[in-house]
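Visitor: Pasting a structure here, questions to come.
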Amino acid sequence: MKAEEIKTVAVVGAGDMGHGIAEVCALGGVDVNLYDVKQEFVDKGMARIRQSLDKQASKQKLDENAAKDAAARIRGFTVLGYALKNADFMIEAAPEKLGLKQEIFREADGAAPPNTILASNTSNMSITRIAEATGRPEKILGIHFFNPVMLMTLVEVIRGEKTSEETMNTCYEFIGRLKNFRGNMVPVRVEKDTPGFIYNRLGAPIGLYMSELHEKGLADPEALDAKVRSVGAPMGPYEIMDFTGLDVNLHGNEYFARTLSPEFEPRSWLKIMVSEGRLGKKTEKGIYEWPGGARPNIDMNKADPDFDVMDIMCLQVNEGTKLLEEGVTGSPAEIDKAVINGGGAAIGPFALTKGMGWDKVAAQCEAISKRLGIEWFMPTRTLKEGKIDI
Ligand SMILES: NC(=O)c1ccc[n+]([C@@H]2O[C@H](COP(=O)([O-])OP(=O)(O)OC[C@H]3O[C@@H](n4cnc5c(N)ncnc54)[C@H](O)[C@@H]3O)[C@@H](O)[C@H]2O)c1
């Protein structure tokens with residue numbers, strides 16, 4: 001199937017992600033069948049979409065007719081078979097449970113036309129395992145949107161073991177047609193189903209580094225965030241942790257501890273905060289105070305003169321070279337594209353550190369590794385040998 005042949009998309013699950021995915025599809029001119037298990041969940045998803053479109057139209061950021069047109073493209077369903085009957089493409093955004101996803105894919109395989117591509121928005125379930133529930137594994141893949149979908153343009157297109165090249169190409173092109181409030185969605189190819197895919201995987205060592213510095217009392221979060229912001233970043237790493245939710249960070253650490261290395265085990269400060277219900281912005285208390293959800297006041301005068309912001313970039317480049325070695329992507333530029341579009345950075349870590357010389361990047365990673373006693377930060381062979389084509 002070609003991307004332009006995709007006229008109707010079934011979105012399965014109308015929650016936080018599903019309603020946003022339905023909205024970007026509709027804004028991209030595609031008809032959407034939005035399914036959930038109960039009418040009230042479908043209604044809630046539809047109401048959130050209308051509210052979001054109306055708000056943009058009232059601010060004159062979206063043409064009123066475009067908003068009306070998008071809303072009119074979405075129909076609600078509570079019977080999966082009906083939602084899939086005329087669908088060319090399915091994007092599943094149901095809860096993160098393998099058994100549940102496999103059940104949905106089994107049913108979808110029976111109900112959807114034979115050519116229909118079936119995608120999952122899973123954060124960390126195996127695409128290959130999900131595909132096993134169907135008789136069309138070559139048409140199954142991961143499509144990983146970021147939250148909130150209407151503001152985050154990055155979409156990772158993930159190959160399972162049996163996903164065909166045609167399916168990858170069709171989806172990659174199709175995603176580029178979808179639109180959120182920032183513009184067209186930006187697809188990035190992930191050639192292997194790997195923990196964290198690209199964007200979250202590049203964030204993993206930064207989370208570990210920040211967590212360890214805090215655990216050992218080697219960094220004052222405000223001073224470190226002020227330093228990172230002083231070079232132009234919109235938020236420092238500790239503020240980002242609070243913003244995302246410390247519970248989400250804890251689960252992320254646990255996940256990477258299981259899948260990458262035990263060195264990612266959550267540090268005690270994080271476990272304590274989560275157990276005390278200090279989860280960050282959503283509870284108005286975390287590393288910082290967030291009164292009424294307002295951003296913390298970071299005192300820029302406190303910027304830590306000793307913290308080298310390039311540490312963050314070097315660790316990201318090192319993690320990126322692991323992805324190159326594992327065959328997750330063949331292209332450092334694709335990794336930079338993921339970082340730019342997922343986190344709003346102006347420039348990706350490979351482009352930024354290239355001028356330093358790869359040997360210096362490797363030496364900086366080794367110094368961090370030795371200082372903290374974390375093996376994961378040791379430079380890869382690819383980095384040490386400078387075999388990076390960008
Ligand atoms: N929230 C995020 O930040 C985020 C980011 C990327 C990916 N994801 C992934 O997206 C998926 C959905 O996450 P979410 O945050 O939107 O969850 P959510 O809980 O907000 O929404 C899930 C929806 O699925 C519905 N549902 C339950 N059982 C179902 C079934 N059998 N069939 C269809 N729908 C069913 C629920 O009623 C609910 O509306 C998960 O796999 C999650 O890991 C989430």
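The values are calculated or read from the model by the stated rules, or taken from the named source; none is laboratory data. Because the structure is a prediction, the values reported are computed rather than measured. Neighbour counts run over all protein chains shown; Cβ positions are idealised from the backbone, glycine included.
Visitor: For segment 358-388, what are the residues that are of a type outside the set (A, V, I, L, M), surrounded by 14 or more Cβ atoms within 10 Å (Cβ to Cβ) and not in a helix (DSSP H, G or I)?
Guide: Correct list: P379, T380.
Visitor: May I pose another question? Are any residues in segment 82-106 more than 12 Å from the ligand (Cβ to nearest atom) and of a type outside the set (S, T, N, Q), and if so, which ones?
Guide: Y82, K85, A87, D88, F89
Visitor: Search segment 28-49 for residues being closer than 17 Å to S120 by Cα and more than 9 Å from the ligand (Cβ to nearest atom), and hand back the single one that is surrounded by the fewest Cβ atoms within 10 Å (Cβ to Cβ).
Guide: N33
Visitor: Out of the residues in segment 1-27 that are more than 15 Å from the ligand (Cβ to nearest atom) and assigned to a loop (DSSP other than H, G, I, E, B), which is surrounded by the most Cβ atoms within 10 Å (Cβ to Cβ)?
Guide: Among those residues, the one meeting the criterion is I6.
Visitor: Same structure again: For segment 337-387, give me the residue count where each residue is closer than 24 Å to P187 by Cα, without any contact (Cβ under 8 Å) to a residue 60 or more places away in the chain and among the aliphatic types (A, V, I, L, M).
Guide: The number of residues fulfilling the criteria is 4.
Visitor: I would also like to ask the following. If you go through segment 59-75 one residue at a time, do you hit one that is touching a residue at least 24 places away in the same chain (Cβ under 8 Å), within 12 Å of the ligand (Cβ to nearest atom), outside any loop (DSSP other than H, G, I, E, B) and of a type in the set (K, R)?
Guide: no
Visitor: For the list (1) more than 16 Å from the ligand (Cβ to nearest atom); (2) crowded, with 19+ Cβ neighbours inside 10 Å, I need the number of the one condition that D242 fails.
Guide: Status for D242: all satisfied but (1).
Visitor: In addition: Return the pairs, sorted by first residue and then second, in which the second residue is within 8 Å of the ligand (Cβ to nearest atom) and of a type in the set (D, E), the first residue lies in segment 86-100 and is in contact (Cβ under 8 Å) with a residue 40 or more places away in the chain and within 10 Å of M17 (Cβ to Cβ), the beta carbons are less than 9 Å apart, and the residues are 6+ apart or on different chains.
Guide: A93/D16; A94/D36
Visitor: Evaluate segment 86-97: report whether one residue or more is aliphatic (A, V, I, L, M) and either outside the structural domain of T170 (by TED's automatic domain parsing) or part of a helix (DSSP H, G or I) (or both).
Guide: no
Visitor: Sticking with this one: Go through segment 135-156 and give me each residue that's among the aliphatic types (A, V, I, L, M), farther than 16 Å from V339 by Cβ and within 11 Å of the ligand (Cβ to nearest atom).
Guide: If the condition is that a residue be among the aliphatic types (A, V, I, L, M), farther than 16 Å from V339 by Cβ and within 11 Å of the ligand (Cβ to nearest atom), then I143, V149 are the ones that fit.
Visitor: Hand me the list of helices (runs of 4 or more DSSP H) wholly inside segment 202-309 holding 3 or more residues that are under 22 Å from the mean Cα position of the chain (by Cα) and under 22 Å from K322 (Cβ atoms).
Guide: 246-259
Visitor: How many residues are modelled with pLDDT of 95 or more, more than 11 Å from the ligand (Cβ to nearest atom) and surrounded by fewer than 22 Cβ atoms within 10 Å (Cβ to Cβ) if we restrict to segment 107-128?
Guide: 7
Visitor: Which residue out of G45, G29, G18, G13 is in contact with a Pro (Cβ under 8 Å, 6 or more places away or on another chain) and of a type outside the set (S, T, N, Q)?
Guide: That would be G13, the only listed residue that is in contact with a Pro (Cβ under 8 Å, 6 or more places away or on another chain) and of a type outside the set (S, T, N, Q).
Visitor: Same structure again: Taking K192, is it more than 15 Å from the chain's Cα centre (by Cα), within 28 Å of L250 (Cβ to Cβ) and more than 12 Å from the ligand (Cβ to nearest atom)?
Guide: So K192 fits the description; yes.
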